[in-house]
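Have a look at the structure below, then the notes.
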Amino acid sequence: MQPASLWRWLWTAFNLLQFGFTLLWTAGLISVALLLHALSGGDRRLPLRMAARCWAPGLLGGAGARLEVEGLERVDWSRPHVLVANHQSVIDICALFRAVPVPLHFLLKQEMDRVPFVGWYAKAMGMVFIRRDNRRAATASLRRAATLVRGGAILCIFPEGTRSRDGSVAAFKPGAFQVAIDAGAQVLPVALEGTGAVLPPDGFFRVRPGRIRVRFGAPLPLATDVGPLDRSALAAQARSAVLGLLR
């Protein structure tokens, strides 16, 4: 066997072990989190922090990812925000759970509610699912998301709508920014760098060790001196801010 072929075979075998670890770690931690959620009478604080303190670090470490976080000092984390981030990989969620210093919620595509363990956890934690193929249902989901944020939650949205295959940042869909407007919460731009290299969006679990950076920008207000911003203007400003953080 040629050295290059042997190296590829070894990486494939190692990735299979990592995939098995990911499944077992996720199922085990979520089971414990759901049990604590039930025993506490529905209190979500500890199960949500388990995602940040246990689940996410375990998966990042298992992938060989080194996480760097910048810009936390720009944000008043005692206030609700709508985080908007570029999206390169499923490991983005791990990086954000770990980087954000307070409990974090996500707006997830509807298909995620059928994923064992992950979907169960997301439902129990009050995450919001959105149907992208049904405008009326999507609007109702965005209203629920705004209610969640008005209640004090930090909500993360990936406004590109899907993962980038080449690292570029697609246009931000303006509908998601209606959540911030309805909730009266500032929009917080977040740039993720390196996640697509650690766990590419295509192929079967091709993990490679690497550095992941999470950069928080300055919160964006909902209005300027000349008046309130509409959701399209907010989307354009947020995308520009994320691109600036990536540069």
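Here is a list: 60, 35, 67, 17. Which entry is under 21 Å from residue 207 (Cα atoms) and free of Cβ contacts under 8 Å to residues at least 24 places away in the same chain? None of the other options fit; the residue is 17. Return yes or no: is residue 115 among the β-branched types (Val, Ile, Thr) and either modelled with pLDDT of 95 or more or in contact with a Ser or Thr (Cβ under 7 Å, 6 or more places away or on another chain) (or both)? So residue 115 fails the test. Restricted to region 41-56, and to residues that are touching a residue at least 40 places away in the same chain (Cβ under 8 Å) and surrounded by 17 or more Cβ atoms within 10 Å (Cβ to Cβ), which residue is nearest to residue 89 (Cα to Cα)? This residue is 56. If you go through region 149-185 and keep only what is in contact (Cβ under 8 Å) with a residue 12 or more places away in the chain and acidic (Asp, Glu), you end up with 160, 182.
Of all the residues in region 70-99, those that are aliphatic (A, V, I, L, M), under 10 Å from the mean Cα position of the chain (by Cα) and over 17 Å from residue 177 (Cα atoms) number 5. Where strands (runs of 3 or more DSSP E) fall wholly inside region 18-120, the ranges with 2 or more residues that are farther than 26 Å from residue 175 by Cα are 65-70. Considering region 57-107, and only residues there that are within 24 Å of residue 240 (Cβ to Cβ) and charged (D, E, K, R), the residue that is surrounded by the fewest Cβ atoms within 10 Å (Cβ to Cβ) turns out to be 73. Across region 135-153, the qualifying residues are those that are over 19 Å from residue 231 (Cβ atoms) and out of contact with any Lys or Arg (no Cβ under 9 Å at 6 or more places or on another chain), and the one among them that is surrounded by the fewest Cβ atoms within 10 Å (Cβ to Cβ) is 151. For region 192-211, filtered to residues that are among the hydrophobic types (A, V, I, L, M, F, W, C) and over 23 Å from residue 245 (Cβ atoms), the residue that is farthest from the chain's Cα centre (by Cα) is 204.
The values are calculated or read from the model by the stated rules, or taken from the named source; none is laboratory data. Quick caveat: nothing in here was measured; it's all calculated off a predicted structure. Cβ coordinates were reconstructed from backbone atoms using ideal geometry, including for glycine residues, and neighbour counts include every protein chain displayed.
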